[in-house]
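The values are calculated or read from the model by the stated rules, or taken from the named source; none is laboratory data. Nothing here was measured: the structure is a model prediction, and the numbers come from that model. So basically every Cβ, Gly included, is an ideal-geometry build from the backbone, and we count neighbours across all protein chains shown.
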Amino acid sequence: MSDTHAQTVPFVRDTMLPQANPPTTEAGAVRWMRENLLSGPLNVILTLLAIAAIYWVVQGMLPWLLASVWNAGSIAECRQIIADAGRESGACWAVIRERWPQFLFGFYPNHLYWRPVTALLLLFVALAPVLFSKAPRQLLWFSAIYPGLAFWLLWGGSVFVPVVALLGLALGWAAFHFGQRISPLAGVVAAILLPVLWWLFLAGPVAEDLGNLLPRSMPWWMEEVRSDKFGGFVLALTIGVSGIALSLPLGIVLALGRQSDMFLIKSLSVCFIEFIRGVPLITLLFTASLLLNYFLPPGTTFDIILRVIIMVTLFAAAYIAEVIRGGLAALPRGQYEAADALGLDYFRAQRLIILPQALKISIPGIVSTFIGMFKDTTLVVFVGLLDPLKGITDAVRASPDWKGIYWEPYIFVGAIFFIFNFSMSRYSMYLERKLKTDHR
Amino acid sequence: MKKSAFLGTLTVAGLAAGMVSAATLDDVKARGELNCGVSTGLTGFSLPDANGVWSGFDVAICRAVAAAVLGDATKVKFVPTTGQTRFTALASGEVDMLARNSTWTFSRDTDLKLDFVGVNYYDGQGFMVRKDLGVTSAKELEGATICIQTGTTTELNLADWFKTNNLNYTPVAIETNAEGEQQYAAGACDAYTTDASGLASTRASFADPENHIILPEIISKEPLGPAVRHGDNQWADIVRWTLNALIAAEEYGVTSANMEELAANSPNPEVKRLLGAEGDLGVMTGLDKDWAKRAIGVAGNYGEIFAATIGEATPIGLARGLNAQWTQGGLLYAPPFR
């Protein structure tokens, strides 16, 4: 048409320039380091200090780890191998290689290792419907019978002991169900009273009679394993998992009790929580292991692990109660009023409106308490149970072959504890994300 | 009415239970198992192996008592006890006897209501130093840093001894034996002090035992022995004389190997009485004639047990020293079996 345009504008780009890379100082590792590590004089100093610290740790640990010995019969052999390799010091993992069953199972009989392992695997099956909403709901029935199953797998003996104990719970549920028709109060009272009466007076003889009726073989009977054979992570997990499972409901009840308008319930809850929180766990463990024996008639065998589980549960429940009370207090007053306005009674209001929100807020605190409790199970060493960290380690170290070993067992046990606790922590974060309904 | 009857039954049951508990022997027989309190793990004295089978010098006493009372050395439930729980475990009835290298002291015997039935190992507190420190006597430890377990009698002994000898020292507090070894080996302290038997096994566990010496001074008396509860003399007698039987057996040359033969044709009437071939000493304690034979049959006499668990042929390598028979210049002296 005309070339005016061409004359007024000497050059017009008619294609896009290809995208250029950002300047090197603004991209990739360089940018990340500039922004995160070297963004100011203070950060430069901190970065240098951190690098120095990491270097110091690594140069101390690395040669020791690199000179690891896996095959040896004693610490002397380990030292010989390390010296032959021309190294000054090295890790002697041979002790773990030789004694790992003891760290995991304590003195649980070798040929029965499959039982705690099965119990642990089934634990995950039982937990699935509780922890993940995608798991099939029917599995909840399995979760309900799991405690009895785990007890039977771990301790063995007659299958009727856990069955009869679980029957007590079923009885309580049925009593609650039918009692409700008469009056809500009657339901609650019957639900508590009947199982207790059942366990106190009938459960023992019934289990014994049923046990005598049937042959002492599978599926009615399994080889008994006594509590003094428990040790290592079997012990830690038994105490930890039962403590966690029992302390959460108890903690919720206590938290609600503390918020209650009824004077007696409120003061009992407050007394219990404050007493337990005011006393160190070790005191409770000593009470369980030593003081109780003075009160019980001599000859009563009240299993030491059971005693410890009860004490640990009570201890954790008091803390859980306070964590949940924090969650309850954080709920706006309007939520309570909304529940009232809908005409819900107390239990429905708590179940449908208050607790789901309060528990969601409390998740990090609850999981922290659980993690703390699981680590606290190592304190049972003070009442003579063989916990993995010190009990088993001391026992292993007392053998002339391994006397003088120090870091390796601690690192091994620490690593296993880390796996469990880190998983719990990651799960709680997943749960928080899943339950997040606000738009922050 | 019903309630009071129930409470009354409870009281009677409680009383009966209380009376039963006075006779530990009957309890043990009824249970078919001896509950023996031991240390949670002490090289040479009590330790579980990879299969959870306990062995050691203290454990051997438990097994001997079990054999004497129940006729089976394996019928023992070993209850690991810590320094804090050991005496309460005994007093509360959780264990029938304690064989947990515990020092026999006045207040433990009286105030804590224990009965130490004898001494199975005469120990004493010693010092270990590195050879290149150039020290040959504990009196040269002026100004030294010393690793010491807190909350033990050894800590008090150390303070007493240094005060008596007008020396200064810097204590490095440690919690357990293992930690002490680690600290000492890492050079955190010049000297490590604990019972001499512990020092010997610690030294043996080092990579370079030849570079460490145990100083000759023993600064305290630590008679270690089995203990039972106050108030059940029959049971105390049984444990005491089982220990004495092991000691006497060594004195008279009775071993697990020649026991049967000596019982049949030993010229020494005391040996025959000990082994139940003459008289009925065992019956006087509420056991039978062969009790001592069974006890000795488990792992031999005192000398055999010593040699197998902590003696010079073992990695711990303890010499008999004070723990030799009185005829050999030691302190072991079993009263006559008559």
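Are there helices (runs of 4 or more DSSP H) fully within the stretch A:317-389 with at least 2 residues that are surrounded by fewer than 19 Cβ atoms within 10 Å (Cβ to Cβ) and among the charged types (D, E, K, R)? List them.
The qualifying helices (runs of 4 or more DSSP H) are A:333-341, A:355-376.
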Do we find that A:Ala175 is surrounded by 15 or more Cβ atoms within 10 Å (Cβ to Cβ) and more than 30 Å from B:Val79 (Cα to Cα) in this structure? yes
Looking only at the stretch A:191-247, and only at residues there that are in contact with a strand residue (DSSP E or B) (Cβ under 6 Å, 6 or more places away or on another chain) and outside any helix (DSSP H, G or I), the one that is nearest to A:Leu281 (Cα to Cα): A:Gly231
Report, ordered by the first and then the second residue, all pairs with beta carbons closer than 6 Å, sequence separation of six or more or different chains, a first member in the stretch A:419-435 that is of a type in the set (A, V, I, L, M), and a second member that is surrounded by 11 or more Cβ atoms within 10 Å (Cβ to Cβ) and assigned to a helix (DSSP H, G or I). A:Met424/A:Val367; A:Met424/A:Ile371; A:Leu431/A:Ile363; A:Leu435/A:Lys360
Would it be correct to say that A:Leu122 is surrounded by 14 or more Cβ atoms within 10 Å (Cβ to Cβ), over 18 Å from the mean Cα position of the chain (by Cα) and of a type in the set (A, V, I, L, M)? no
Note on the stretch A:390-407: residues in a helix (DSSP H, G or I) and crowded, with 22+ Cβ neighbours inside 10 Å are A:Lys390, A:Gly391, A:Ile392, A:Thr393, A:Asp394, A:Ala395, A:Val396, A:Arg397, A:Ala398
Are there any pairs, at least 6 apart or on different chains, whose C-beta atoms fall under 6 Å, with the first in the stretch A:377-406 and touching a residue at least 24 places away in the same chain (Cβ under 8 Å) and facing another protein chain (nearest Cβ under 8 Å) and the second assigned to a helix (DSSP H, G or I) and polar (S, T, N, Q), and if so, which? A:Val383/A:Ser289; A:Lys403/B:Ser205; A:Gly404/B:Ser205
All positions within the stretch B:141-186 that are hydroxyl-bearing (Ser, Thr, Tyr), touching a Ser or Thr at 6+ places or on another chain (Cβ under 9 Å) and within 27 Å of A:Trp407 (Cβ to Cβ): B:Thr145, B:Thr152, B:Thr154, B:Thr170, B:Tyr184
In this structure, does B:Ala60 turn out to be more than 14 Å from every other protein chain (Cβ to nearest Cβ), aliphatic (A, V, I, L, M), in contact (Cβ under 8 Å) with a residue 12 or more places away in the chain and assigned to a helix (DSSP H, G or I)? yes
Residues located in the stretch A:277-336, provided they are within 14 Å of chain B (Cβ to nearest Cβ), small (Gly, Ala, Ser) and in contact (Cβ under 8 Å) with a residue 40 or more places away in the chain: A:Ala288, A:Ser289
For B:Asn101, are the conditions met, namely being modelled with pLDDT of 90 or more and touching a helix residue (DSSP H, G or I) at 6+ places or on another chain (Cβ under 8 Å)? no
Given the conditions (1) buried (at least 20 other Cβ atoms within 10 Å of the Cβ); (2) assigned to a helix (DSSP H, G or I); (3) more than 12 Å from every other protein chain (Cβ to nearest Cβ); (4) of a type outside the set (Lys, Arg), report the number of the one that A:Ile82 does not fulfil. (3)
Is it the case that some residue within the stretch B:211-229 is more than 30 Å from B:Ser92 (Cα to Cα), in a helix (DSSP H, G or I) and either more than 21 Å from the chain's Cα centre (by Cα) or within 14 Å of another protein chain (Cβ to nearest Cβ) (or both)? yes
Farther than 19 Å from A:Pro388 by Cα and outside any helix (DSSP H, G or I), is that true of A:Ala126? no
Please list, ordered by first then second residue, the pairs with beta carbon atoms under 6 Å, 6 or more apart or interchain, first in the stretch B:93-118 and within 14 Å of chain A (Cβ to nearest Cβ), second surrounded by fewer than 16 Cβ atoms within 10 Å (Cβ to Cβ). B:Lys113/B:His230
If we keep just the residues of the stretch B:63-86 that are more than 14 Å from every other protein chain (Cβ to nearest Cβ) and outside any loop (DSSP other than H, G, I, E, B), which is farthest from the chain's Cα centre (by Cα)? B:Leu70
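Mind listing whichever residues of the stretch B:181-204 are within 11 Å of another protein chain (Cβ to nearest Cβ) and either among the acidic types (Asp, Glu) or surrounded by fewer than 23 Cβ atoms within 10 Å (Cβ to Cβ) (or both)?
Taking the stretch B:181-204 as the starting set, the residues that turn out to be within 11 Å of another protein chain (Cβ to nearest Cβ) are B:181-183, B:185-186, B:198, B:201-204.
The answer is B:Glu181, B:Gln182, B:Gln183, B:Ala185, B:Ala186, B:Arg203, B:Ala204.
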Report yes if some residue within the stretch B:266-278 is among the charged types (D, E, K, R), assigned to a loop (DSSP other than H, G, I, E, B) and either modelled with pLDDT under 90 or more than 25 Å from B:Asp115 (Cβ to Cβ) (or both); otherwise report no. yes
Go through the stretch A:51-75 and count every residue that is assigned to a helix (DSSP H, G or I), loosely packed, with under 12 Cβ neighbours inside 10 Å and more than 14 Å from chain B (Cβ to nearest Cβ). 11
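Quick check on the stretch B:313-323. Is at least one of its residues among the aliphatic types (A, V, I, L, M), more than 14 Å from chain A (Cβ to nearest Cβ), within 16 Å of B:Leu243 (Cα to Cα) and out of contact with any Asp or Glu (no Cβ under 6 Å at 6 or more places or on another chain)?
No - not one qualifying residue is present in the stretch B:313-323.
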Return the pairs, sorted by first residue and then second, in which the second residue is of a type in the set (Asp, Glu) and assigned to a helix (DSSP H, G or I), the first residue lies in the stretch A:348-373 and is under 15 Å from A:Leu435 (Cα atoms), the beta carbons are less than 6 Å apart, and the residues are 6+ apart or on different chains. A:Ile363/A:Glu432
Any residue that is surrounded by fewer than 24 Cβ atoms within 10 Å (Cβ to Cβ) and either facing another protein chain (nearest Cβ under 7 Å) or not in a helix (DSSP H, G or I) (or both) - is there at least one of those in the stretch A:428-436? yes
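What do you reckon, is A:Ala255 outside any loop (DSSP other than H, G, I, E, B), under 30 Å from A:Leu121 (Cα atoms) and small (Gly, Ala, Ser)?
Details: outside any loop (DSSP other than H, G, I, E, B): yes; under 30 Å from A:Leu121 (Cα atoms): no; small (Gly, Ala, Ser): yes.
For A:Ala255, the condition - outside any loop (DSSP other than H, G, I, E, B), under 30 Å from A:Leu121 (Cα atoms) and small (Gly, Ala, Ser) - is not met.
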For the stretch B:280-316, what are the residues that are out of contact with any Leu (no Cβ under 9 Å at 6 or more places or on another chain), in a loop (DSSP other than H, G, I, E, B) and surrounded by fewer than 16 Cβ atoms within 10 Å (Cβ to Cβ)? B:Asp280, B:Asp288, B:Ala313
